[in-house]
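S.K.: A single structure is presented below for examination.
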Amino acid sequence: MSKNHWTIVAVGLWFCSLLLVSSCGIRIDGWPQAKYERTVRQQVSLARGSTVVAETSFGSVDVAGADVTDCNVIATICAGAPTEEEAQELAEQVKITLEPTDETLTVGAEKPHLKRNRSISISYSITVPTQTGANCRSSYGSLDFVAPPDFAGQVELRTSYGSIKTALPVTVTGEISKKAIKGTIGQGEGKLDLQTRSGSIHLK
């Protein structure tokens, strides 16, 4: 088969995956999918200067610095299955975890094994102390990081298919492209690394 054929197939699969994340309840190839959404809130003490690590396959990650002493996480879990009852069962089996280690807090999830034609997406909205760094990844979803003007921590945001937004006093170093930006933050005390495979990057 031609290269163009495989390009079309890849784009089609990507588009379907994005629809699955955004709607959490669509019909693909005649497959009717019911959905169930569940919200989980968790909180843990977090020292300034720490780094929050968050990763999701399907879903977005938003991190914002605020005048707080805790890390507050709101996880939106969306499950899809042939019936609403099964979708609810899948969503309720997801366990959100906050694991502190030294100066790092890892936000993650324990998910059940998925049979064919079932899906789970998890999006995080995270509020952290003002000088908290971020290391966030998503396969299919957007990433957003907002920090105060005097922020000087480490920020690494990477997504395969999604956009990246950040509001930081950034000095860009190296090559600039729509897919990757590297630079320093503030007076060079922090580092910035933004990468997306298929999406856009916006410095606010």
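The numbers here are math on the coordinates, done by the rules we state, and not lab data. Quantities reported herein were computed from a predicted structural model and do not represent experimental measurements. FYI the Cβ positions are ideal-geometry reconstructions off the backbone, even for glycines, and counts take in every protein chain you see.
S.K.: Any chance you could run the full-extension gain for E92 through K191? It's 0.36 nm times the residue separation minus the Cα-Cα distance, nm to one decimal. Display every interim value, and only then the final one.
M.R.: Values: separation 99, 0.36 × 99 = 35.64 nm, distance 3.78 nm.
Taking 0.36 nm per residue and subtracting the Cα distance, the gain is 31.9 nm.
S.K.: Based only on other Cβ atoms within 10 Å, what is the fewest-to-most ordering of S60, S160?
M.R.: Neighbour counts put them in this order, fewest first: S160, S60.
S.K.: Which ³J(HN,Hα) values, rounded to whole Hz and listed in residue order, are derived for region 124-132 from phi using the Karplus coefficients 6.51, -1.76 and 1.60 in 6.51 cos²θ - 1.76 cosθ + 1.60 with θ = phi - 60°, glycine and proline given as x?
M.R.: Karplus values, whole Hz, x for Gly and Pro: 10, 10, 10, 10, 9, x, 4, 9, 8.
S.K.: Modelled label-to-label distance, V44 and T106, 7 Å Cα→beta-carbon offset: nm?
M.R.: 1.0 nm
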